[in-house]
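The structure appears below as structure tokens.
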Amino acid sequence: LSVDGKTYQFPTLVGSENEPAIDISNLRDQTGYVTLDKGYKNTGATKSAITFLDGEEGILRYRGYSIEELAAKATFLEVAYLLIYGELPTQEQYSKFENSIRRHTIVNEDMRKIFEGFPVNAHPMGVLSSLVSAMSAFYPDSYDGKGEDKTELHILRLLAKLPTIATWSYKKSQGHPVNYPKNSLDYCSNFLHMMFALPVEDYKIDPVVAEALNVLLILHADHEQNCSTSTVRLVGSSQANLYSSISAGISALWGPLHGGANQEVIEMLEAIKADGGDVAKYVDMAKNAKTTGFRLFGFGHRVYKNFDPRAKIIKKAADDVLSKLGVNDPVLEIAKQLEELALNDPYFVQRKLYPNVDFYSGIIYRALGIPTNMFTVMFAIGRLPGWIAQWKEMRETKEPIGRPRQIYVGETLRDFVPM
Ligand code: MLT
């Protein structure tokens, strides 16, 4: 298989006396062969033209554009447009897209009644997935397969309303009234306004914070067939509507092995701080994980055998933002020490256990004033265009209903003996 001039070899299956080995190097587009590869699970069979990543080289591109360039020059909504529609927008297309999103930022007031019923300490991810699922009931034109196709409207609604809903949980946790969107603001500034503005005082959006948020959302916008994305595709493959599919993706993202990892990172750093801040002790514990059971969250990545390209960008952004904002947070100091110790330790270097995107994203969100239990919500806001693009692609290419192949490994026929 050749991608971008680089050749990849597929393994040749090892045969046995009765079954000769088969060469599967040409099977890329063929069907009918079932192999068990735990690493690929049920996502290995997906073709997609959205996001390219090369874990060996640490390359990530959206629709052929490098993540480094997009993070430096684009707005999050430009990237959303690119992912969803395949091309960067013209100025005219962009204004139309942005204005259409603005028109949908308000959420049905009756959804607030559902929200009011959640306990004050409900995890914002539980609230988010429930309310996004509820959107399919509040906007009943979302049912697919019947009547006019309103996919474009659902896309705009989701992009517009997710930040609004996301800020409600935070406001409630503070005992503050929710803020309605301020549509004169850009996407990131509007989110910051809804999060942090109070009716009793002026709130000035810090451009450093808004820019950092823009970069963070772009870096999280898609990452090909990971757990949440393949969930969105699989749910949508049954012709389930977009809201239900995205709600399922939000639930998948919540897990500590996926989007919940950056929350785990900060909680780990807090625990190290509470234990006296002896970073070297924890590095040693991680090296002896078999006996200590301690794991360093935010290090290593399933596909990146090199540095996660997003982590490089985010690390620089974190350094810039922390110094520009003059943030002096002992937990952030612990993070820096941990990173330095690990990056200079042969144990981590040999295993290529570099800090990943989750390690730095928590640090920077914290510096921006985003509470820890909102970190995964921020990931969801960033990932939304990617999920939408993947769902749309899967529907447009008329993929059949998903049904992961199973290799049965249980008991063979057994006789039932009554108790
Ligand atoms: C992501 O961005 O989705 C995560 O890095 C998880 C992954 O891609 O496996």
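Would you be able to say whether some residue in region 278-300 is within 23 Å of LEU368 (Cα to Cα), part of a helix (DSSP H, G or I) and touching a residue at least 60 places away in the same chain (Cβ under 8 Å)?
No, because not a single residue in region 278-300 is within 23 Å of LEU368 (Cα to Cα), part of a helix (DSSP H, G or I) and touching a residue at least 60 places away in the same chain (Cβ under 8 Å).
Scan region 300-322 residue by residue and report those that are surrounded by fewer than 22 Cβ atoms within 10 Å (Cβ to Cβ) and charged (D, E, K, R).
Across region 300-322, the qualifying residues are ARG302, LYS305, LYS312, LYS315, LYS316, ASP319, ASP320.
Looking only at residues that are farther than 20 Å from LYS73 by Cβ and not charged (D, E, K, R) in region 202-222, which one is farthest from the ligand (Cβ to nearest atom)?
In this case the residue turns out to be TYR203.
Go through region 191-246 and give me each residue that's basic (Lys, Arg) and within 18 Å of the chain's Cα centre (by Cα).
Once the filter is applied, which keeps residues that are basic (Lys, Arg) and within 18 Å of the chain's Cα centre (by Cα), region 191-246 yields only ARG233.
Scan region 347-355 and tell me whether some residue there is surrounded by 24 or more Cβ atoms within 10 Å (Cβ to Cβ) and not assigned by TED's automatic domain parsing to the domain that holds HIS154.
Within region 347-355 (the criterion being surrounded by 24 or more Cβ atoms within 10 Å (Cβ to Cβ) and not assigned by TED's automatic domain parsing to the domain that holds HIS154), the answer is yes, since at least one residue qualifies.
Residues in region 92-125 that are hydroxyl-bearing (Ser, Thr, Tyr) and loosely packed, with under 11 Cβ neighbours inside 10 Å: how many?
Summing the residues that are hydroxyl-bearing (Ser, Thr, Tyr) and loosely packed, with under 11 Cβ neighbours inside 10 Å in region 92-125 gives 0.
So is ALA137 closer than 26 Å to SER100 by Cβ and surrounded by fewer than 22 Cβ atoms within 10 Å (Cβ to Cβ) or not?
Yes, satisfied.
Being away from the ligand (no atom under 15 Å from the Cβ), crowded, with 24+ Cβ neighbours inside 10 Å and among the small types (Gly, Ala, Ser) is the filter; apply it to region 223-246 and report the residue that is nearest to THR46 (Cα to Cα).
GLY236
All but one of (1) in contact with an Asp or Glu (Cβ under 8 Å, 6 or more places away or on another chain); (2) more than 14 Å from PHE359 (Cβ to Cβ) hold for GLY276, so report the exception by its number.
All conditions pass for GLY276, except number (1).
Among the residues in region 268-282, are any within 16 Å of the ligand (Cβ to nearest atom) and surrounded by 16 or more Cβ atoms within 10 Å (Cβ to Cβ)?
no
State yes or no: is GLU87 at pLDDT below 95 and either surrounded by fewer than 17 Cβ atoms within 10 Å (Cβ to Cβ) or closer than 30 Å to GLN174 by Cα (or both)?
Against the criterion (at pLDDT below 95 and either surrounded by fewer than 17 Cβ atoms within 10 Å (Cβ to Cβ) or closer than 30 Å to GLN174 by Cα (or both)), GLU87 does not qualify.
May I ask you to say which residue of THR292, THR376 is β-branched (Val, Ile, Thr) and not assigned by TED's automatic domain parsing to the domain that holds GLU270?
Just one listed residue meets the conditions, THR376.
Can you tell me which of GLU69, GLU87, GLU56 is assigned to a loop (DSSP other than H, G, I, E, B) and within 21 Å of the chain's Cα centre (by Cα)?
Selected residue: GLU56, the only one of GLU69, GLU87, GLU56 that is assigned to a loop (DSSP other than H, G, I, E, B) and within 21 Å of the chain's Cα centre (by Cα).
How do the helices (runs of 4 or more DSSP H) wholly within region 305-419 filter down when requiring 3 or more residues that are within 16 Å of the ligand (Cβ to nearest atom) and touching a helix residue (DSSP H, G or I) at 6+ places or on another chain (Cβ under 9 Å): which remain?
In region 305-419, 309-325, 357-367, 375-396 are the helices (runs of 4 or more DSSP H) which contain 3 or more residues that are within 16 Å of the ligand (Cβ to nearest atom) and touching a helix residue (DSSP H, G or I) at 6+ places or on another chain (Cβ under 9 Å).
The values are calculated or read from the model by the stated rules, or taken from the named source; none is laboratory data. On a predicted model such as this, the values are computed, not experimentally measured, just so you know. Don't worry about glycine lacking a Cβ; one is built from the backbone with ideal geometry, like all the others, and counts go over all protein chains shown.
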